[in-house]
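To start, the structure itself, in C-alpha cells.
Only the coordinates and a few stated rules stand behind these numbers; no lab work does. The model shown is predicted, which means the values in this text are computed figures rather than measured ones. Here Cβ is always computed from backbone atoms with ideal geometry, including for glycine, and neighbour counts include all displayed protein chains.
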Amino acid sequence: MPKIILLDQLDLTQSYSYAEYLTWQLKEAVELIKGKIMLMSPAPNVAHQSISGNLHALLHAFFKHKKCRVFAAPFDVRLYDRKKSILKNEEIHTVVQPDICVVCQPEEKLDTQGCNGAPDWIIEILSKGTAKREIHTNYELYQESGVMEYWLVFPGHQAIHQFVLNEQQKYELQHMYTNDDIAVPYLFPELAMSVNEIFDTWAQD
C-alpha cells in the first residue's frame, strides 16, 4: 500500500477508519466525521488563539492538582455512540480535534494517541471556516457520544453558549454568557471565570 502523504491520494467520497487515519502523513490538518474526511480551517487567527490560550491557562490552573486533565488542540478525540464500549481503531470512524477538552476518566480514556471516548467537557471557539460544522455537525456528534457539557465560544460577539445533556441525553441551552458575566461550568461550579478575562485580546474577528 502506498504511503499517503498528499490529500489527492485519498478519495473524499469514501469512508475511512481511525486506523487508516493514523497511517497518513498529510501536511493538511483533517478530521474524520463518521468516516468522511473533513478539512480543518487554516491556522487560527490571533483572536482565536488568544481566547484559546486564556481558557487553557484558566483551566490548567484549576485542574493542576485534580484528577481531570485538560488538553488543547491539536489533540485527537475518538468518538462513537455512548452505548458502545471502547472500540478498536479499525472500528472507529470519527476523530475530532476540539479546541479544548477536559477528561475526567484519564485511566480509562487516555492513551498515547489521545482520548478514546467522549471527554466530559468540550469547548469550541468558532472561526469562519468551521462555524457551521461546530454549531451543527459537532453539536450532534458530541450529543450522540455523550459529551456532558459543550461550550460554543463566539469571538466576534464575545459570547459563550453553554449546553448540557439533560435526562433524555439531549443538549439543553443552560446559559448564554457575555460582557461582564461570570461563566460557571455545570460540571465544575467552583470554577467561575470572568467572560472579560476569557476575551481579553486585542484582535477580534
**Fill in**
Yeah, the chain with a ≥ b ≥ c from its alpha-carbon gyration tensor (a/c under 1.5 is rounded, else prolate when a/b outruns b/c, oblate otherwise) is prolate
**Fill in**
In terms of the alpha carbon gyration tensor, root eigenvalues a ≥ b ≥ c, rounded if a/c is under 1.5 and otherwise prolate when a/b exceeds b/c or oblate, segment 1-113 is oblate
**Asked** What longest region of the chain stays clear of GluC sites (Glu not before Pro) that DSSP places outside H, G, I, E and B and that have at most 16 other Cβ atoms within 10 Å?
**Response** 29-166
**Message:** Can you work out the Karplus-derived ³J(HN,Hα) for every residue in segment 187-192? Use 6.51 cos²θ - 1.76 cosθ + 1.60 with θ = phi - 60°, whole Hz, and x for glycine or proline.
**Reply:** 6, 9, x, 6, 9, 10
**Cα-Cα over 26 Å, subset of Lys34/Lys170; Lys66/Lys170; Lys36/Lys170; Lys88/Lys128; Lys27/Lys128** = Lys66/Lys170; Lys88/Lys128
**Request:** Please identify every one of the trypsin sites (Lys or Arg not before Pro) in segment 1-57 that sits in a loop by DSSP and has no more than 16 other beta carbons within 10 Å of its own beta carbon.
**Result:** Lys3, Lys27, Lys34
**Message:** Only counting other Cβ atoms within 10 Å, I'd like Phe62, Phe71 sorted with the fewest neighbours first.
**Reply:** Phe62, Phe71
**Prompt:** Looking at Asn45, Ala61, Thr112, which one has the Cα that reaches farthest to the positive end of the dipole of the chain (charges on Cβ: Lys, Arg +1; Asp, Glu -1)?
**Reply:** Thr112
**Asked** Do you know the relative contact order of the chain, to the nearest whole percent, from alpha carbon pairs under 8 angstrom that are 6+ apart?
**Response** 18 percent
**Prompt:** With charges only on Cβ, +1 for K and R and -1 for D and E, what is the dipole size of the chain about its Cα centre, in debye, rounded to 20?
**Reply:** 380 debye
